[in-house]
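Okay, so here's the structure we're looking at.
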Amino acid sequence: MKKIILLTLILVLMLGFTHLFAQSETDQKTLDKMDKLMEKVGKAIEKKDGKTAMKLIEEVLILKQDYAPALHQKARFFYSQDQAQAITLLERAVVSDNAYLPAVKDLASLHFQNAQKLQQTDPAAAAISFEKAALVKNLENAEKGMMIEALFNSGALQYQQKQLEKAIQIFDKLTRMDSSHDRQKNLLRLSFYMLGMAYVQSEQAPAAQAALRKYIDLSGELVDDTYLPIARFILAESLMNDLSEQVKKINVDQMEDKASRIAALTSDRTEIIELLEKAMAQKPELTENVRMNLGNFYYMAGNVDQAIDIYEGLIRDFTTSDQRSVYENFLKDIKTEKENKAKALKKSSQKK
């Protein structure tokens with residue numbers, strides 16, 4: 001009985017191998033036939049005989065319904081007349097074989113072109129289409145530049161629409177990528193700026209500072225970068241806000257020697273002055289805001305005379321500024337504070 005069972009198993013296995021061999025042989029014949037048909041498709045296209053080409057493509061797809069090269073060629077006939085159908089065909093091709101890069105690239109290109117058309121009329125839809133282009137499987141190997149540009153455009157549109165979480169997600173992804181091409185490298189560098197700005201808008205100061213610092217480091221001393229002075233100014237403002245909070249804590253605690261502690265704290269923040277001065281030198285339009293921040297920094301540092309000089313200069317040089325009354329009131333306050341401290345010091349010395 002055992003012997004009969006064993007012989008039966010052997011027979012089943014032999015039949016299985018025979019079937020696999022036959023299937024393999026049939027597949028190879030089918031592939032050869034498909035190759036010949038695709039050659040004929042190419043010749044028909046060269047002759048601009050679209051009808052014959054389409055008929056041959058359908059013959060290929062009967063043999064293998066998801067053959068990527070045939071789906072790609074079929075899709076090309078729909079690019080101008082029915083783009084939705086073209087996209088459907090290309091999606092099938094990419095799902096079937098994402099190593100077939102012509103289909104990958106063309107699918108991403110169609111999404112990219114749709115996004116460009118929608119940018120002015122429907123930014124939200126454009127952002128989605130750009131992201132669809134970037135997320136086409138294996139696009140990094142087919143056309144990395146397109147992937148980077150599509151992601152960047154999608155992130156920028158998300159940022160413009162205040163979709164900050166989504167923008168952060170996209171730009172964070174870009175900052176983790178690399179490229180040897182100048183245009184792509186520039187977009188990756190700008191991604192740190194956009195990431196920093198998105199963090200600023202979402203009030204995540206430490207993350208914003210880290211991204212803006214990286215952007216500034218990567219930019220070096222570029223003179224034709226519109227965003228570099230803005231990045232420096234915004235980073236300086238963020239650091240100023242941190243410093244202001246630390247100074248407030250010192251002023252309200254119960255420990256003594258507040259002035260020297262504040263002086264020690266601000267002496268380690270010379271980066272703020274450097275950032276502000278470079279921002280002003282590269283973008284003169286920032287001069288008023290830069291000088292105001294410098295005045296505030298020197299006041300916090302206890303350099304009241306420097307703060308007074310700066311605020312007097314602001315009142316003198318920006319006579320039509322909306323902030324003029326603010327400057328005048330603050331200047332009056334710090335002059336009064338200086339006089340009161342001088343009187344208190346004189347009284348204290350007289351008692352001694």
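The values are calculated or read from the model by the stated rules, or taken from the named source; none is laboratory data. Everything numeric here is computed off the predicted structure, so don't read it as measured data. Positions of Cβ are generated from backbone atoms using ideal geometry, with glycine treated the same way; all protein chains shown enter the neighbour counts.
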Any residue at all in the range 219-237 that's modelled with pLDDT of 85 or more and farther than 28 Å from Ser191 by Cβ?
no
Identify, from the list Glu271, Glu256, the residue that is more than 30 Å from Glu149 (Cα to Cα) and not in a helix (DSSP H, G or I).
Glu256
What single numbered condition from (1) within 25 Å of Lys144 (Cα to Cα); (2) part of a helix (DSSP H, G or I) fails to hold for Gln209?
(1)
Restricting the first residue to the range 47-62 and requiring it to be of a type outside the set (A, V, I, L, M, F, W, C), which pairs with a second residue that is surrounded by 14 or more Cβ atoms within 10 Å (Cβ to Cβ) and not in a helix (DSSP H, G or I) meet a Cβ separation below 8 Å and a spacing of at least six or different chains?
Gly50/Phe77
Taking the stated definitions as given, is Asn241 in contact (Cβ under 8 Å) with a residue 24 or more places away in the chain, buried (at least 16 other Cβ atoms within 10 Å of the Cβ) and under 30 Å from Lys214 (Cα atoms)?
no
In the range 185-206, which residues are surrounded by 22 or more Cβ atoms within 10 Å (Cβ to Cβ) and either among the hydroxyl-bearing types (Ser, Thr, Tyr) or not in a helix (DSSP H, G or I) (or both)?
Ser191, Tyr193, Tyr199
Return the residues of the range 223-238 that are loosely packed, with under 11 Cβ neighbours inside 10 Å and hydrophobic (A, V, I, L, M, F, W, C); say none if nothing qualifies.
Val223
For the range 315-338, name all the residues that are over 17 Å from Asn296 (Cα atoms) and among the polar types (S, T, N, Q).
Thr319, Thr320, Ser321
Taking the criterion of being of a type outside the set (A, V, I, L, M, F, W, C) and within 23 Å of Pro102 (Cα to Cα), would at least one residue in the range 156-175 satisfy it?
no
Might you let me know whether the range 177-184 holds any residue that is more than 21 Å from Asn289 (Cβ to Cβ), buried (at least 19 other Cβ atoms within 10 Å of the Cβ) and touching a helix residue (DSSP H, G or I) at 6+ places or on another chain (Cβ under 6 Å)?
yes
Name the single residue that is surrounded by the fewest Cβ atoms within 10 Å (Cβ to Cβ) among those in the range 92-145 being in contact (Cβ under 8 Å) with a residue 24 or more places away in the chain and not in a helix (DSSP H, G or I).
Ala99
It is to be established whether one or more residues within the range 180-187 are among the hydroxyl-bearing types (Ser, Thr, Tyr) and free of Cβ contacts under 8 Å to residues at least 24 places away in the same chain.
yes
Please count how many residues of the range 317-339 are among the hydroxyl-bearing types (Ser, Thr, Tyr), part of a helix (DSSP H, G or I) and surrounded by 12 or more Cβ atoms within 10 Å (Cβ to Cβ).
1
Go through Leu56, Leu37 for me and flag whichever is within 30 Å of Ala75 (Cβ to Cβ), outside any loop (DSSP other than H, G, I, E, B), modelled with pLDDT of 90 or more and touching an Asp or Glu at 6+ places or on another chain (Cβ under 7 Å).
Leu37
Give me the residue from the range 152-166 that is farther than 17 Å from Lys214 by Cβ and among the hydrophobic types (A, V, I, L, M, F, W, C) and, out of that set, surrounded by the most Cβ atoms within 10 Å (Cβ to Cβ).
Leu157
Could you list all residues from the range 70-91 that are touching a residue at least 24 places away in the same chain (Cβ under 8 Å) and closer than 13 Å to Ala53 by Cα?
Ala70, Leu71, His72, Gln73, Ala75, Arg76, Phe77
If Gly42 meets every condition in (1) within 41 Å of the chain's Cα centre (by Cα); (2) within 20 Å of Thr88 (Cβ to Cβ) apart from one, which number is that one?
(2)
Across the range 289-316, the tally of residues that are more than 19 Å from Ala263 (Cβ to Cβ) and either surrounded by 13 or more Cβ atoms within 10 Å (Cβ to Cβ) or in contact (Cβ under 8 Å) with a residue 24 or more places away in the chain (or both) stands at 9
